[in-house]
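The values are calculated or read from the model by the stated rules, or taken from the named source; none is laboratory data. Not measured: the values here are computed from a predicted model. Cβ coordinates were reconstructed from backbone atoms using ideal geometry, including for glycine residues, and neighbour counts include every protein chain displayed. Only protein heavy atoms, including side chains, enter the accessible area calculation; ligands, DNA and RNA are left aside. Shrake-Rupley method; radii C 1.70, N 1.55, O 1.52, S 1.80 Å.
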Amino acid sequence: MTHSLKHSVDLECSDNNRPSKLSKIEHPSHIEEEEEEEEMNQNPKNGIQRYLFAIEYIGTRFSGSQKQLTCRTVVGALEEAFAKFVGQPVSVSCSSRTDAGVHALSNVCHVDIQRTSKRKPGEVLPPHEPAVVGRAVNHFLQKHDSDLTIIDVRRVPSDFHARFKAQERTYFYRLLSGPEPLSTFEKDRAWHEACRVLVGCHDFSSFRAAGCQAKSPIRTLDELSVTEVIESPYFPSVMDRERHNKVSSDLRGYPSNSGTDIAPSSSPCIDKLTTSSEDVGFGKRRRHRCLVVTARARSFLYHQVRLLVGVLKAVGSGNLTIPDVERILNAKSVTSASPMAPACGLYLGEVKYDLPTT
């Protein structure tokens with residue numbers, strides 16, 4: 001990477017780039033009654049029904065997702081809202097733990113609810129419809145704050161666990177480049193090569209922060225890619241990323257068929273979007289280039305994604321080379337990695353399940 005690229009990529013973390021509040025519009029839930037693979041229990045024991053629900057949140061004012069006694073957390077806010085809805089304490093379990101400042105486009109949780117009569121205390125009633133649960137809890141969530149919203153709810157069997165049944169997790173990290181043109185950036189394959197080095201099954205000890213409770217540092221990274229998107233909050237879908245990879249390969253003479261040795265999950269280069277260095281007029285913000293790092297795996301180590309982004313950012317700015325990335329990976333020590341990317345640019349994008357069939 002040439003010297004002209006150094007310091008040209010900035011992590012999206014300034015106060016001016018904080019995400020805006022979530023809309024207070026109630027999200028419709030697309031709900032169907034679910035059945036277990038063998039048979040869904042239509043009459044839950046003691047009237048207790050387990051609900052799986054997806055949430056989105058802006059992590060700026062949360063001290064992480066896990067419940068803490070003295071701090072505002074995602075689980076704490078959810079349990080408070082559910083308790084107001086059902087009239088008794090509940091326990092919420094999250095599929096993925098997120099740190100303070102980390103956002104979620106879709107994190108998934110489960111909760112057990114027993115519906116009882118308010119007129120006749122002790123009388124157990126049939127479970128609430130999922131759509132009712134979503135609307136009611138959102139009402140309490142958005143009464144005071146609008147940075148946490150339930151976006152989907154469904155019934156699941158009592159043994160369906162949001163964390164342990166998850167098959168795949170996808171994280172996005174947004175970075176903004178400076179306003180100057182980065183013509184050299186399009187000609188260099190550094191990001192692509194760095195992604196290729198890191199994709200696959202490895203000992204990720206160099207990308208595992210102190211305090212990680214995982215028994216093994218071995219993880220399989222199914223995808224690590226860098227995609228340029230429009231500056232507004234937007235995250236590339238699977239189709240977007242595949243289309244980006246194919247177009248980039250075709251333009252640069254790479255084979256685009258499935259037999260190529262270039263993994264479709266590692267994006268070649270960053271296609272240039274319009275980023276003008278000309279005067280755009282008084283009071284108008286000059287457009288930045290927005291890059292999204294996508295990391296997809298069944299599970300991640302503590303701070304793994306942010307440490308990966310730190311290394312990729314150093315490669316993109318020319319401070320590290322591909323051999324440096326290989327050296328860091330093989331060192332199996334977090335002290336060899338680049339500084340960890342801050343939490344504010346990280347988004348949990350999706351948690352994938354093999355849900356019970358209807």
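Just to check your reading of the model, which residue among GLU37, GLU80, GLU26 is of a type in the set (Asp, Glu) and at pLDDT 50 or above?
GLU80
Just for the stretch 224-247: of the residues that are open to solvent by less than 20 Å² (accessible area, probe 1.4 Å) and closer than 16 Å to LEU105 by Cβ, which one is modelled with the lowest pLDDT?
PRO236
Among the residues of the stretch 94-138, which ones are polar (S, T, N, Q) and more than 17 Å from the chain's Cα centre (by Cα)?
GLN114, THR116, SER117, ASN138
Which of the residues belonging to the stretch 133-174 are of a type in the set (Phe, Trp, Tyr) and more than 14 Å from GLU350 (Cα to Cα)?
Selection gives PHE140, PHE160, PHE164.
Sort out for me the strands (runs of 3 or more DSSP E) sitting completely within the stretch 110-223 that have 1 or more residues that are of a type in the set (A, V, I, L, M, F, W, C), farther than 30 Å from LEU308 by Cα and modelled with pLDDT of 95 or more.
148-156
Would you confirm whether or not the stretch 310-327 contains a residue that is at pLDDT 70 or above, assigned to a strand (DSSP E or B) and open to solvent by less than 20 Å² (accessible area, probe 1.4 Å)?
No; the residues of the stretch 310-327 include none that is at pLDDT 70 or above, assigned to a strand (DSSP E or B) and open to solvent by less than 20 Å² (accessible area, probe 1.4 Å).
VAL133 is checked against (1) open to solvent by less than 20 Å² (accessible area, probe 1.4 Å); (2) in contact with a Lys or Arg (Cβ under 9 Å, 6 or more places away or on another chain) and fails just one. What number does that condition carry?
Only one criterion in (1) open to solvent by less than 20 Å² (accessible area, probe 1.4 Å); (2) in contact with a Lys or Arg (Cβ under 9 Å, 6 or more places away or on another chain) is unmet by VAL133, namely (2).
Mind telling me which of the residues PRO264, PRO255 ends up being part of a loop (DSSP other than H, G, I, E, B), under 30 Å from PHE164 (Cα atoms) and at pLDDT below 90?
After ruling out the rest, the residue left standing is PRO264.
For the stretch 140-156, which residues satisfy the criterion of being in contact (Cβ under 8 Å) with a residue 12 or more places away in the chain and out of contact with any strand residue (DSSP E or B) (no Cβ under 8 Å at 6 or more places or on another chain)?
Once the filter is applied, which keeps residues that are in contact (Cβ under 8 Å) with a residue 12 or more places away in the chain and out of contact with any strand residue (DSSP E or B) (no Cβ under 8 Å at 6 or more places or on another chain), the stretch 140-156 yields PHE140, ASP145, SER146.
Quick check on my filter: what residues within the stretch 157-178 are over 29 Å from PRO236 (Cβ atoms) and either free of Cβ contacts under 8 Å to residues at least 60 places away in the same chain or of a type outside the set (S, T, N, Q) (or both)?
PRO157, ASP159, PHE160, HIS161
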